[in-house]
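Everything below concerns the one structure shown next.
The values are calculated or read from the model by the stated rules, or taken from the named source; none is laboratory data. All figures in this text were calculated on a predicted structure; none of them were measured in a lab. When we count neighbours, we look across all protein chains shown, and the Cβ atoms used for this are built from the backbone with ideal geometry, even at glycine. To get the accessible areas, we keep the full protein, side chains included, count just its heavy atoms, and leave off ligands, DNA and RNA. Shrake-Rupley method; radii C 1.70, N 1.55, O 1.52, S 1.80 Å.
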Amino acid sequence: MVQHQRYNQLKNGGDEEAATLVFVWTNRGYYRRRRPKILSFLLLSLLSCGFILAPHFFSFSSALSHLYFFGVQNDGLSGDLDVNAPLCSSISNGSVCCDRSHFRSDICFMKGDIRTHSPTSSVFLYSPKNSDDNVSSTVDGDELQHEKIKPYTRKWETSIMATIDELNLISKRRNSDVDHSCDVIHDVPAVIFSTGGYTGNVYHEFNDGIIPLYITSQQFNTEVVFMILEYHDWWVMKYADILPHLSSYPPIDFNGDNRTHCFTEAITGLRIHDELTVDPILMKNNESIVDFRNLLDRAYRPRITGLIRKAQEKTSGCALATPKRMHNQPKKPKLVILSRKGSRAITNQHILVKAAEEIGFEVHVLRPEPTTELAKIYMELNSSDAMIGVHGAAMTHFLFMRPHCSVFIQVIPLGTDWAAETYYGEPARKLGLKYIGYKISRRESSLVDEYDKDDPVLTDPSSLNQKGWEYTKKIYLERQTVKLDLTRFRKRLLRAYDYITRIHLQSQHLA
């Protein structure tokens, strides 16, 4: 009753986003029980889910996957999008079709005489003279159709979508007075998307950008041109190893390049399946997140080879050589600790290192910075057997670990259970990692020194989370550090060690 009163207060006060969060959380049990009927209703009515979800916390990931099963199929494009649905399933020449049925993202398809016009943030499609006009009542003059789209994959999050540049997709008669001659003619399709929003956070860069870009463009086998809104040179440089494996052409700054680029096919917006994953059911060739991870391996392999060669050159000459391991001495499993400073740091990390070494791990401590080259992080984690880290964006790097032979231990601070499982635990399992979640006790949290032992912050974190994302962020993400109980945590280390040694033994027998 209290939550329903809170919902009405927020709703009447105009804070629809917060009201929706309270409504979703209050009725979460109902949605779990009624999910099949709700999904059927959504399919029949072709309504997208209108829940406004807070970043990093509220979502129905499994429901998202089921809803995306009813995505679009676009057989009219040369890439033959295979996403199983009637919407936009056949694109005729000179037409625009937008699928707005999904609450994660909109996506629009164009086919015909397509010309960009960056000064007006527009993409024009000139229809043949003998085409059916079917002029919409909302357009004037020579416009046959006018669609607006913000090509970013967090459609439900109104606050961040308000910062995303909007594109006009306009179909016009060919005999229109306004015509744009082609400065650059492309013989491959275009995919247009934004690198605005939360770009700058590695989780969002992969979840909202790179993986959806893989999902959307994989069908074209690199024969596609990327046009980017809110283009950032640093983003292009950061992902310079990956982008050539998605497109054989340099990306184009949509806003910064005033030339008219001409295409015969274009997709505006990106597909997204779920958190940090690729659903093979929705892919043309049944690609999965493992295939995406294999692409990362191909992308970073040349750079890693160069880094290794450079390191070997540095140790030549009079430098001390690393002692060689005896033939009968087994190799120690490599454990990487992703270290944090400030919030959610492990304050007794030095004791954790010692405990792991006593068990038999070779321990490496890695503290990624925003400027750390991704290839170097990939090299470290790709060669590791296990990774430990406290819940946060850096856990995205589990994507760099080897499937089916690596262990990912996520330390879960108070108040982050749901987010830790949804954003990293479940996706790690889908990749094929051995996932171990370690939920800290109250005495392992620094919050025990700030609040009374009976305070809901300690005894009932979910009640604080129900108040909204800002409470979660302020209390549990920004003001909490972790002091591990090594007696408890040692059990997870032993479990990881046993799993790795068993995998190594199996590999040796197969060899």
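If you take just the helices (runs of 4 or more DSSP H) that sit entirely in segment 344-441, which of them hold at least 3 residues that are over 23 Å from Lys474 (Cα atoms) and of a type outside the set (Phe, Trp, Tyr)? Give the steps one after another, and end with the answer.
Numbers: elements: 349-359, 374-382, 417-420, 426-431.
Because the criterion is at least 3 residues that are over 23 Å from Lys474 (Cα atoms) and of a type outside the set (Phe, Trp, Tyr), the helices (runs of 4 or more DSSP H) in segment 344-441 that meet it are 349-359, 374-382, 426-431.
Yes/no matrix, rows are residues, columns are (1) open to solvent by 60 Å² or more (accessible area, probe 1.4 Å); (2) within 21 Å of Ile304 (Cβ to Cβ):
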residue	(1), (2)
Glu357	yes, no
Glu362	yes, yes
Glu369	yes, yes
Ala375	no, yes
Glu380	no, yes
Asp385	no, yes
Ile388	no, no
His391	no, no
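For (1) free of Cβ contacts under 8 Å to residues at least 40 places away in the same chain; (2) assigned to a helix (DSSP H, G or I); (3) crowded, with 21+ Cβ neighbours inside 10 Å, each residue gets a yes or a no:
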| residue | (1), (2), (3) |
| --- | --- |
| Asn207 | no, yes, yes |
| Tyr214 | no, yes, yes |
| Met227 | no, no, yes |
| Trp235 | no, yes, no |
| Ile267 | no, no, yes |
| Leu295 | no, yes, no |
| Arg301 | yes, yes, no |
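I need a count of the residues in segment 331-343 that are under 16 Å from His391 (Cβ atoms) and either in a loop (DSSP other than H, G, I, E, B) or without any contact (Cβ under 8 Å) to a residue 40 or more places away in the chain (or both). Here the count works out to 5. Restricting attention to segment 485-499 and to residues that are open to solvent by 50 Å² or more (accessible area, probe 1.4 Å) and among the basic types (Lys, Arg), the residue that is nearest to Arg443 (Cα to Cα) turns out to be Arg488. Look at segment 459-486: where a residue is on the phi > 0 side of the Ramachandran plot and a partner is charged (D, E, K, R) and open to solvent by 20 Å² or more (accessible area, probe 1.4 Å), sitting 6+ places away or on another chain with Cβ atoms under 9 Å, you get Gly468/Glu17. Taking segment 187-209 as the range and being within 18 Å of Phe254 (Cβ to Cβ) and not polar (S, T, N, Q) as the test, the residues that pass are Val188, Pro189, Ala190, Val191, Ile192, Phe193, Gly196, Gly197, Asp208, Gly209. Looking at segment 234-271, which of its residues are among the small types (Gly, Ala, Ser) and touching a Lys or Arg at 6+ places or on another chain (Cβ under 9 Å)? Correct list: Ala266, Gly269. For segment 453-474, the count of residues that are open to solvent by less than 70 Å² (accessible area, probe 1.4 Å), under 16 Å from Ile346 (Cα atoms) and not small (Gly, Ala, Ser) is zero.
Among the conditions (1) out of contact with any strand residue (DSSP E or B) (no Cβ under 6 Å at 6 or more places or on another chain); (2) under 24 Å from Leu296 (Cβ atoms), Lys467 misses just one, which is (2). In a residue-by-residue description of segment 281-291, the property of being basic (Lys, Arg) and modelled with pLDDT under 95 applies to at least one position.
Please tell me if Leu276 is modelled with pLDDT of 95 or more, over 21 Å from Phe220 (Cβ atoms) and surrounded by 16 or more Cβ atoms within 10 Å (Cβ to Cβ). Answer is yes for this residue. With respect to the conditions (1) open to solvent by less than 20 Å² (accessible area, probe 1.4 Å); (2) not in a strand (DSSP E or B), Asn258 lacks only one, and its number is (1).
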